[in-house]
Amino acid sequence: MTTVTRLADRGRLPARQYSSRNLSSHDSATNVPRLNVAHLRRLAEFRFQLRRFLHVSQTAAERMGLRHQQYQLLQCVGGMPDGMAPTIANVATRMLLKHNSTVELVDRTIEQGLLRRSGDQVDHRRILLRVTPQGERILASLAEFHTRELEQSGPELVRALNRILHARVRGNGAQRSAARRQMAGAR
């Protein structure tokens, strides 16, 4: 069982997307994944581009007096999808955090005056999170910064992702062609 498969089994990754079958080809004799160095390099480049953007994001949040997770929290609450209430449980799910970690993060952000709790007018049992006017000003400033940054660094991030996806499509097509030739030879 691979590490990715174990994470999927624990609910941290969707298993159907991350099975070892989808990540690499296997040596049929030993059932051990073969390392594709070119693919690994493409993945590493994508991770580098992603981490570069996230580092710039973290630095920008810190300049505004926030921890990077507080910015992510404000963004999550302010940008919650339609039909999904900004509750602690939904925020924890969207941020991939445990419930108690989310509560602590919310409490710290409320102490800074950037977020507030309010009762749900429809379901009085629920508490909703709302971004305060001060939080909205910071969120708007950071959103503008991130948009400009994505305009600059986004194309390279997209290229790195496309290199992975296009190589995967070409590789899968080549594997299917080889399998068809092998099947035709067996007849």
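Does THR147 fit the bill of being of a type in the set (Val, Ile, Thr), modelled with pLDDT of 95 or more, under 30 Å from HIS68 (Cα atoms) and loosely packed, with under 13 Cβ neighbours inside 10 Å? Judged against the criteria, THR147 is a match.
Cβ-Cβ distances below 7 Å connect the following pairs, each with a first residue in region 129-155 that is farther than 25 Å from ILE88 by Cβ, a second residue that is at pLDDT 95 or above and small (Gly, Ala, Ser), and a separation of six or more residues or different chains: PHE145/ALA60. Exactly one condition in (1) buried (at least 18 other Cβ atoms within 10 Å of the Cβ); (2) within 30 Å of HIS39 (Cα to Cα) is false for CYS76; which is it? It fails just one condition, (2). None of VAL122, VAL106, VAL169 is at pLDDT 95 or above and of a type outside the set (S, T, N, Q) except VAL106. Do we find a residue being within 26 Å of GLU144 (Cα to Cα), modelled with pLDDT under 95 and loosely packed, with under 11 Cβ neighbours inside 10 Å anywhere in region 83-90? The answer is yes, given that some residue of region 83-90 is within 26 Å of GLU144 (Cα to Cα), modelled with pLDDT under 95 and loosely packed, with under 11 Cβ neighbours inside 10 Å. The set of residues in region 119-136 being under 28 Å from the mean Cα position of the chain (by Cα) and assigned to a strand (DSSP E or B) consists of ILE127, LEU128, LEU129, ARG130, VAL131.
Exactly one residue out of GLY83, GLY113, GLY65 is in a loop (DSSP other than H, G, I, E, B) and in contact with a helix residue (DSSP H, G or I) (Cβ under 6 Å, 6 or more places away or on another chain): that is GLY113. Counting the residues of region 61-101 that are over 16 Å from the mean Cα position of the chain (by Cα) and of a type in the set (Ser, Thr, Tyr) gives 2.
Scanning region 102-118 turns up no residue that is under 17 Å from the mean Cα position of the chain (by Cα) and exposed (fewer than 11 other Cβ atoms within 10 Å of the Cβ).
Does GLU45 meet the test of being at negative phi and either surrounded by 13 or more Cβ atoms within 10 Å (Cβ to Cβ) or assigned to a loop (DSSP other than H, G, I, E, B) (or both)? Considered against the rule, which asks whether it is at negative phi and either surrounded by 13 or more Cβ atoms within 10 Å (Cβ to Cβ) or assigned to a loop (DSSP other than H, G, I, E, B) (or both), GLU45 comes out as yes.
The values are calculated or read from the model by the stated rules, or taken from the named source; none is laboratory data. No experiment lies behind these values; they were computed from the predicted model shown. For neighbour counting, all protein chains shown are included, and Cβ atoms are generated from backbone atoms with ideal geometry for every residue, glycine included.
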